[in-house]
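The values are calculated or read from the model by the stated rules, or taken from the named source; none is laboratory data. What you see is a predicted model; the values in this text were computed from it and never measured. Note that we place each Cβ from the backbone using ideal geometry, even for glycine, and neighbour counts take in every protein chain shown.
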Amino acid sequence: MENLTILPYTPQLEALFTIIRNRDTKRNEFLFYSERIIRLLIEEALNHLPTQEKTVTTPTGTQFTGTEFVGKLCAVPIVRAGESMEKAVREVCRAIRIGKILIQRDEETAQPTLFYQKLPEDIANRHVLLLDPMLATGGSVCKAIEVLKGHGVEEGKIIFINLISCPKGIETFMKFVPKAKIITGFIDPELNEKAYIIPGLGDFGDLYFGT
């Protein structure tokens, strides 16, 4: 899929995922290693932003032709689990604007409900990094994208970043916004009867925030 990017499954990344998937991993270790994966995902997402040529003069007095980013950027975590990815964004992207979208999934029906939104006034003019650690059914992220599009964000300017996804969620996302992009760390094979990713790692928000 043209708009789907999966992090290369290096020995380092395999070890990181093994740690955060282990139910015996302590919370402080889960935080440290999951944030390492998130940092890798954010760095990869930045590779998909538009650039233009720029020439600078180096301290030796010679010129170097490179590139610079074009346009403004905004990160929008899907609260609450998506807020776990906000720290890495702030560390990588200097003075980035942050929005918030609160969506909760009904545990019985697995359907998403929008509860809250707070976005920059000029978000329609920005590229958006949409943040949520898990892509299961795709319902929550599609609801969040409805909100973004309602504020004038073009789907081609949306990059959805998550740690673990599954084929059903990817298919739902791609059908809903074929011009948007997904950056993911790993694709698990299936969902269980409660719409949790299998093998997955459980509820990321609970593990990250210790609830």
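Of note:
- Any hit, the range 48-67, residues being closer than 29 Å to Asp188 by Cβ, in contact with a helix residue (DSSP H, G or I) (Cβ under 7 Å, 6 or more places away or on another chain) and in contact (Cβ under 8 Å) with a residue 24 or more places away in the chain: no
- Of the candidates Lys100, Lys118, Lys168, Lys157, the single residue that is of a type in the set (Lys, Arg), over 25 Å from Glu35 (Cβ atoms) and surrounded by fewer than 18 Cβ atoms within 10 Å (Cβ to Cβ) is Lys168.
- Residues of the range 55-77 satisfying the condition of being part of a strand (DSSP E or B) and loosely packed, with under 12 Cβ neighbours inside 10 Å: Thr55, Val56, Thr57, Gln63, Phe64, Thr65, Gly66, Thr67, Glu68
- Residue check, Leu102 part of a strand (DSSP E or B) and within 21 Å of Val141 (Cβ to Cβ): yes
- Of the strands (runs of 3 or more DSSP E) lying entirely inside the range 115-211, not one carries at least 1 residues that are modelled with pLDDT under 95.
- Output for the range 176-202, where each listed residue is touching a Phe, Trp or Tyr at 6+ places or on another chain (Cβ under 8 Å) and more than 17 Å from Ile6 (Cβ to Cβ): Gly202
- Looking only at the range 127-153, and only at residues there that are out of contact with any helix residue (DSSP H, G or I) (no Cβ under 8 Å at 6 or more places or on another chain) and not polar (S, T, N, Q), the one that is nearest to Glu44 (Cα to Cα): Ala144
- Residue selected from the range 105-114 under the condition in a strand (DSSP E or B) and surrounded by 14 or more Cβ atoms within 10 Å (Cβ to Cβ), by the criterion modelled with the highest pLDDT: Leu114
- If only residues of the range 171-188 that are over 20 Å from Glu43 (Cα atoms) and touching a helix residue (DSSP H, G or I) at 6+ places or on another chain (Cβ under 7 Å) are counted, the one that is surrounded by the most Cβ atoms within 10 Å (Cβ to Cβ) is Phe173.
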